[in-house]
Amino acid sequence: MDDSSSADGHTSHMERAIALARDATDRGDEPFGSVLVYDDAVVMAESNRINTADDIRRHPELHLAHRACRELTAAERAETVMYTSTEPCPMCAGGMHSAGFEEVIFSVSAPEIAAFTGSETPVRAAEILQGVTDVSGPICNDAGRQVHEEFGW
(Lines give C-alpha, C1' and ligand atoms only; values in the text may rest on other atoms or scores of the structure.)
Protein backbone atom coordinates (compact mmCIF):
# COMPACT_ATOMS: atom_id res chain seq x y z
CA MET A 1 0.00 0.00 0.00
CA ASP A 2 1.19 3.51 -0.70
CA ASP A 3 2.51 5.60 2.16
CA SER A 4 -0.43 7.62 3.50
CA SER A 5 1.77 10.70 3.75
CA SER A 6 2.45 10.62 0.01
CA ALA A 7 0.23 12.16 -2.62
CA ASP A 8 -0.59 8.68 -3.98
CA GLY A 9 -1.53 7.45 -0.49
CA HIS A 10 -3.75 10.47 0.05
CA THR A 11 -5.41 9.85 -3.30
CA SER A 12 -6.03 6.14 -2.78
CA HIS A 13 -7.45 6.64 0.72
CA MET A 14 -9.65 9.52 -0.43
CA GLU A 15 -10.85 7.53 -3.42
CA ARG A 16 -11.99 4.84 -0.98
CA ALA A 17 -13.87 7.44 1.11
CA ILE A 18 -15.53 8.84 -2.02
CA ALA A 19 -16.49 5.31 -3.14
CA LEU A 20 -18.16 4.83 0.24
CA ALA A 21 -20.07 8.07 -0.32
CA ARG A 22 -21.31 6.64 -3.63
CA ASP A 23 -22.30 3.42 -1.84
CA ALA A 24 -24.34 5.50 0.60
CA THR A 25 -26.32 7.19 -2.17
CA ASP A 26 -26.88 3.86 -3.92
CA ARG A 27 -28.38 2.60 -0.66
CA GLY A 28 -30.62 5.66 -0.15
CA ASP A 29 -28.44 7.65 2.24
CA GLU A 30 -26.70 11.00 1.83
CA PRO A 31 -23.33 11.03 -0.02
CA PHE A 32 -20.75 10.80 2.76
CA GLY A 33 -18.01 8.23 3.37
CA SER A 34 -14.89 7.99 5.54
CA VAL A 35 -11.94 5.71 6.27
CA LEU A 36 -9.52 5.58 9.20
CA VAL A 37 -5.89 4.92 8.34
CA TYR A 38 -3.44 3.68 10.96
CA ASP A 39 0.10 2.56 10.21
CA ASP A 40 -0.49 2.96 6.48
CA ALA A 41 -3.55 0.68 6.42
CA VAL A 42 -7.29 1.28 6.37
CA VAL A 43 -8.47 -0.06 9.73
CA MET A 44 -12.10 1.07 9.60
CA ALA A 45 -14.49 2.34 6.96
CA GLU A 46 -18.04 3.71 7.11
CA SER A 47 -20.61 5.41 4.94
CA ASN A 48 -23.58 7.52 5.85
CA ARG A 49 -26.56 5.54 7.17
CA ILE A 50 -28.89 8.17 8.60
CA ASN A 51 -31.79 7.02 6.42
CA THR A 52 -31.27 3.27 6.22
CA ALA A 53 -30.45 2.94 9.93
CA ASP A 54 -33.09 5.55 10.84
CA ASP A 55 -30.49 7.20 13.07
CA ILE A 56 -29.49 10.86 12.69
CA ARG A 57 -26.16 10.08 14.39
CA ARG A 58 -24.99 7.66 11.68
CA HIS A 59 -22.69 10.11 9.94
CA PRO A 60 -19.57 8.13 8.98
CA GLU A 61 -17.15 10.44 10.81
CA LEU A 62 -19.06 10.26 14.10
CA HIS A 63 -19.55 6.52 13.88
CA LEU A 64 -15.84 5.98 13.16
CA ALA A 65 -14.90 8.21 16.10
CA HIS A 66 -17.19 6.12 18.32
CA ARG A 67 -15.75 2.84 17.04
CA ALA A 68 -12.18 4.09 17.31
CA CYS A 69 -12.68 5.03 20.97
CA ARG A 70 -13.84 1.47 21.65
CA GLU A 71 -11.38 -0.43 19.45
CA LEU A 72 -8.15 1.62 19.43
CA THR A 73 -5.98 2.92 22.25
CA ALA A 74 -5.55 6.65 22.74
CA ALA A 75 -1.98 6.32 21.44
CA GLU A 76 -3.20 4.54 18.28
CA ARG A 77 -5.89 7.17 17.70
CA ALA A 78 -3.26 9.91 18.02
CA GLU A 79 -1.52 8.34 15.00
CA THR A 80 -4.69 7.73 12.99
CA VAL A 81 -5.78 9.80 9.99
CA MET A 82 -9.39 10.09 8.86
CA TYR A 83 -10.02 10.57 5.15
CA THR A 84 -13.52 11.81 4.58
CA SER A 85 -15.45 12.70 1.45
CA THR A 86 -16.68 15.96 2.98
CA GLU A 87 -15.42 18.24 5.75
CA PRO A 88 -16.98 17.03 9.01
CA CYS A 89 -20.01 18.83 10.39
CA PRO A 90 -19.81 20.28 13.93
CA MET A 91 -21.42 17.18 15.47
CA CYS A 92 -18.87 14.88 13.85
CA ALA A 93 -15.97 17.20 14.63
CA GLY A 94 -17.04 17.12 18.29
CA GLY A 95 -16.88 13.33 18.31
CA MET A 96 -13.53 13.42 16.56
CA HIS A 97 -12.28 15.89 19.19
CA SER A 98 -12.99 13.26 21.84
CA ALA A 99 -11.30 10.56 19.75
CA GLY A 100 -8.13 12.62 19.32
CA PHE A 101 -7.10 11.64 15.79
CA GLU A 102 -3.83 12.92 14.34
CA GLU A 103 -5.43 14.43 11.25
CA VAL A 104 -8.60 14.64 9.19
CA ILE A 105 -8.32 15.15 5.45
CA PHE A 106 -11.41 16.03 3.42
CA SER A 107 -12.37 16.24 -0.25
CA VAL A 108 -15.28 18.73 -0.25
CA SER A 109 -15.16 21.74 2.10
CA ALA A 110 -17.96 22.95 4.36
CA PRO A 111 -18.58 26.06 2.18
CA GLU A 112 -18.83 23.82 -0.88
CA ILE A 113 -21.34 21.50 0.77
CA ALA A 114 -23.29 24.55 1.92
CA ALA A 115 -23.57 25.62 -1.72
CA PHE A 116 -25.00 22.19 -2.57
CA THR A 117 -27.40 21.90 0.38
CA GLY A 118 -28.27 25.54 1.04
CA SER A 119 -27.36 25.11 4.71
CA GLU A 120 -24.18 26.52 6.22
CA THR A 121 -22.61 25.22 9.42
CA PRO A 122 -22.05 27.82 12.14
CA VAL A 123 -18.50 26.60 12.81
CA ARG A 124 -15.88 24.81 10.72
CA ALA A 125 -14.24 21.53 11.76
CA ALA A 126 -10.80 23.14 12.15
CA GLU A 127 -12.16 25.44 14.86
CA ILE A 128 -13.60 22.55 16.85
CA LEU A 129 -10.51 20.37 16.37
CA GLN A 130 -7.95 23.12 16.95
CA GLY A 131 -5.11 21.93 19.16
CA VAL A 132 -6.23 18.28 18.94
CA THR A 133 -6.47 17.20 15.30
CA ASP A 134 -5.00 18.82 12.19
CA VAL A 135 -7.54 19.47 9.43
CA SER A 136 -6.54 19.68 5.78
CA GLY A 137 -8.09 19.62 2.36
CA PRO A 138 -9.52 19.66 -0.10
CA ILE A 139 -7.90 16.80 -2.01
CA CYS A 140 -9.54 14.89 -4.88
CA ASN A 141 -12.01 17.78 -4.91
CA ASP A 142 -13.40 17.20 -8.40
CA ALA A 143 -14.29 13.58 -7.61
CA GLY A 144 -15.79 14.55 -4.26
CA ARG A 145 -17.86 17.34 -5.79
CA GLN A 146 -19.10 14.99 -8.51
CA VAL A 147 -20.75 12.71 -5.93
CA HIS A 148 -22.69 15.68 -4.54
CA GLU A 149 -23.61 16.94 -8.01
CA GLU A 150 -24.96 13.51 -8.92
CA PHE A 151 -26.87 13.29 -5.65
CA GLY A 152 -28.76 16.44 -6.63
CA TRP A 153 -29.25 18.09 -3.29
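The values are calculated or read from the model by the stated rules, or taken from the named source; none is laboratory data. Note that the structure is a prediction, hence the values are computed from the model and not measured. Backbone-built Cβ (ideal geometry, glycine too); neighbour counts: all protein chains shown. Note: areas computed on protein heavy atoms with side chains; ligands, DNA, RNA excluded. Shrake-Rupley method; radii C 1.70, N 1.55, O 1.52, S 1.80 Å.
Can you compute the FRET efficiency between Val123 and Asp8 using 1/(1 + (r/R0)^6), with r the Cβ-Cβ distance and R0 = 41 Å? Round to the nearest 0.05.
0.80
Counting only heavy atoms of protein chains, what accessible area per residue, in Å², does the chain have with a probe of 1.4 Å?
Here the per-residue accessible area is 47 Å².
Please report the carbon-and-sulfur percent of the accessible area for the stretch 1-141; probe 1.4 Å, protein heavy atoms only, DNA, RNA and ligands left out. Display every interim value, and only then the final one.
Numbers: 2980 of 6480 Å².
Ligands and nucleic acids excluded, carbon and sulfur reach 46 percent.
Say R0 is 22 Å: what FRET efficiency, to the nearest 0.05, do Asp55 and Asp142 get from their beta-carbon distance?
For R0 = 22 Å, the calculated efficiency reads 0.10.
Would you work out if the stretch 1-90 is rounded, prolate or oblate? Take a ≥ b ≥ c from the square roots of the eigenvalues of the alpha-carbon gyration tensor; rounded if a/c is under 1.5, else prolate when a/b is larger than b/c, oblate otherwise.
Taking the square roots of the gyration eigenvalues as a ≥ b ≥ c, the stretch 1-90 is oblate.
How big is the accessible area of Glu149 in square angstrom, nearest 10, if you roll a 1.4 angstrom probe over the protein chains?
So the heavy atoms of Glu149 present about 110 Å² to solvent.
Could you give each residue of the stretch 62-78 its phi-based ³J(HN,Hα) in whole Hz, using Karplus coefficients 6.51, -1.76, 1.60 with θ = phi - 60°, and x for Gly or Pro?
3J(HN,Hα) across the stretch 62-78, in whole Hz: 5, 5, 5, 4, 4, 4, 4, 5, 8, 10, 10, 6, 4, 5, 5, 4, 5.
Normalise the Debye intensity by I(0) for the chain, one equal point scatterer per Cα, no solvent, then take log10 at q = 0.19 Å⁻¹ and round to two decimals.
Log10 of I(q)/I(0), two decimals: -1.14.
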